[in-house]
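Just below is one structure, and these are the notes that go with it.
The values are calculated or read from the model by the stated rules, or taken from the named source; none is laboratory data. What you see is a predicted model, and the numbers here were worked out from it, not measured in a lab. Neighbour counts run over all protein chains shown; Cβ positions are idealised from the backbone, glycine included.
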Amino acid sequence: VDPNACACTEFLVLHLDSLSSFIVFIRSSTPVPRRDVSQAYPGTDNGDGEADEYEKVRQIEEAHLAESMERLIMEAYKLLQKGDMEQAESLLQEGSVALEQGLGSESSHPRQAEILDQLSLFQFLQGKLPEAEMHARRSLAVIQDHFEIGDPAVCMCELRLGAILFSMGQYQEAKELITDSYEGLRSALGDASQVAGESRYYLALMTLLAADSEEAGLRNMRSNAGAGPLLVQAALREHNRLVDNELTSESWDKAAWLFRQEIRLRNGVDPGSEDLSLLLYQFATLQYTRGLYDEAEALTQFSLDIARSVYKHDENQTMLRRHRLGTVLDCKGSAEDATKILTESFNHFDKRLGPKNPLTGEAQFALGLSGMRRMLQARQSKEGLDPYSKVLAPKQEQKLMQQMQKGLQAMQAGFGADHMLVKKALTDYDLTASAMRRLETSR
């Protein structure tokens, strides 16, 4: 351990009344150079007596330094648990700078690595990836000065940097670091430890290994007393990013596989949560656009059940899920139930969000589509339309098609032309128009 830690002596004996005291003291400190004890007592060859006393003082000061850093980090975690992550990060940032100044620019101390690791973790949890990478790299470099490769301290720093690099898309370096981390932590601490679990999760995520590897990793990760829930959220955030990548590339089968996996993971660590409800809704929407209506209905109902326990019945989030249920039911042929729900969702979104909102537009489109489907079914039935309805049908059909066009325009403007809901709506519109033309031709 570098003897410049002795610069903290006077303050450490006071047992840290406050973090500001820590920062003020460290900043006012100057590094204490290592003394040549062989020259401390002229006429002696070694100065063992002074060396022994120096070592005792050094050990006391090192213990106090450890205590002070633990208090600093615990104070940051208290702020984190209160939701004040910015202030927690600021405290760690100031503490890191102060410690570095106090120890001297040429010094390297394991406590520097500890505070830098925690600082990088807090920045990672906030999505501040470039800053987190910088501090994680510094932490790893410092800790490697004091411990051998494979030591748990080195492995934990490798894990932190690896997780950050994974989030930044630097998969090759991330995989090397996390593989080394997992092997070392599993060997030293066992496979069920929190940090080994975190390594295991990211390895599974990178290689898309068996799902139980990820789930076990999440369970172990969550056992971290300070940041467990936040670590789990950060890990799931990265899984969700993989889902988004597949959706962007329109790899629907792979996206569906990842959706199912993430739903199971979230349900395992945080059942009944808003995040799970949203994920279910998103997957239901994907399956709806793919024409897998039975699965879409089950997913939407699951999402709606959770939403009802979290939101009021007339809130946007609850209505959003009812709206999706209405679109699914209409595609399954439950026209009466669908029309009731879609009328409710159209009125809700039109009032709350305005007529140009894409959700209002989708409800408007879906109502027009539902009406057209009923018209087509009636025309194609054996009985056909009665004489009175035949007279009214052309105007009704024109009105419904115009309603669909207006809703589609709002969807295109709000969602964008490449959105999967817009593409499905365009397909449904074209199919409906084609069916109408065929009927007109066959008359």
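Observations, loosely collected:
- Filtered residues of region 236-277 (kept if farther than 24 Å from Phe415 by Cα and among the hydrophobic types (A, V, I, L, M, F, W, C)): Leu236, Trp257, Ile263, Leu265, Val269
- Residues of region 141-152 that are part of a loop (DSSP other than H, G, I, E, B) and within 19 Å of Gln112 (Cα to Cα): Asp145, His146, Phe147, Glu148, Ile149, Asp151.
- Hits in region 310-343 - residues which are of a type outside the set (D, E, K, R) and over 27 Å from Gly272 (Cα atoms): Cys331, Gly333, Ser334, Ala335, Thr339, Thr343
- Residues of region 255-298 that turn out to be over 19 Å from Leu236 (Cβ atoms) and among the charged types (D, E, K, R), as a count: 4
- The set of residues in region 153-173 that are outside any loop (DSSP other than H, G, I, E, B), modelled with pLDDT under 85 and surrounded by fewer than 22 Cβ atoms within 10 Å (Cβ to Cβ) comprises Ser167, Tyr171, Gln172.
- The residues in region 112-140 that are outside any loop (DSSP other than H, G, I, E, B) and within 19 Å of the chain's Cα centre (by Cα) can be counted, and the count is 13.
- Scope region 291-300; condition under 19 Å from Leu359 (Cα atoms) and surrounded by fewer than 21 Cβ atoms within 10 Å (Cβ to Cβ); matching residues: Glu297
- Given (1) modelled with pLDDT of 90 or more; (2) more than 24 Å from Lys332 (Cβ to Cβ), number of the condition Glu246 does not satisfy: (1)
- Condition met for Thr360 (surrounded by fewer than 23 Cβ atoms within 10 Å (Cβ to Cβ), at pLDDT 95 or above and either assigned to a helix (DSSP H, G or I) or over 28 Å from the mean Cα position of the chain (by Cα) (or both)): no
- Filtering region 271-292 to residues that are outside any helix (DSSP H, G or I) and either within 16 Å of Leu320 (Cα to Cα) or of a type in the set (Gly, Ala, Ser) (or both) leaves Gly272, Ser273, Gly291.
- When the residues of region 395-441 are filtered to those that are of a type in the set (Asp, Glu) and surrounded by 15 or more Cβ atoms within 10 Å (Cβ to Cβ), the one that is farthest from Glu246 (Cα to Cα) is Glu397.
- Residues of region 90-140 that turn out to be at pLDDT below 85, touching a His at 6+ places or on another chain (Cβ under 7 Å) and closer than 12 Å to Ile164 by Cβ, as a count: 0
The rows are residues; the columns are (1) over 30 Å from Asp84 (Cβ atoms); (2) in contact with a helix residue (DSSP H, G or I) (Cβ under 7 Å, 6 or more places away or on another chain); (3) among the charged types (D, E, K, R).
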{"position": "Glu238", "(1), (2), (3)": "no, yes, yes"}
{"position": "Asp253", "(1), (2), (3)": "yes, no, yes"}
{"position": "Ala256", "(1), (2), (3)": "yes, yes, no"}
{"position": "Phe259", "(1), (2), (3)": "yes, yes, no"}
{"position": "Pro271", "(1), (2), (3)": "no, no, no"}
{"position": "Asp275", "(1), (2), (3)": "no, yes, yes"}
{"position": "Leu286", "(1), (2), (3)": "yes, yes, no"}
{"position": "Leu292", "(1), (2), (3)": "yes, no, no"}
{"position": "Tyr311", "(1), (2), (3)": "no, yes, no"}
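- Options Gly326, Gly268: the member that is buried (at least 22 other Cβ atoms within 10 Å of the Cβ) and in a helix (DSSP H, G or I): Gly326
- Verdict on His313 being of a type outside the set (Val, Ile, Thr) and surrounded by fewer than 18 Cβ atoms within 10 Å (Cβ to Cβ): yes
- Unmet requirement for Thr285, which otherwise passes all of (1) over 24 Å from the mean Cα position of the chain (by Cα); (2) modelled with pLDDT of 95 or more: (1)
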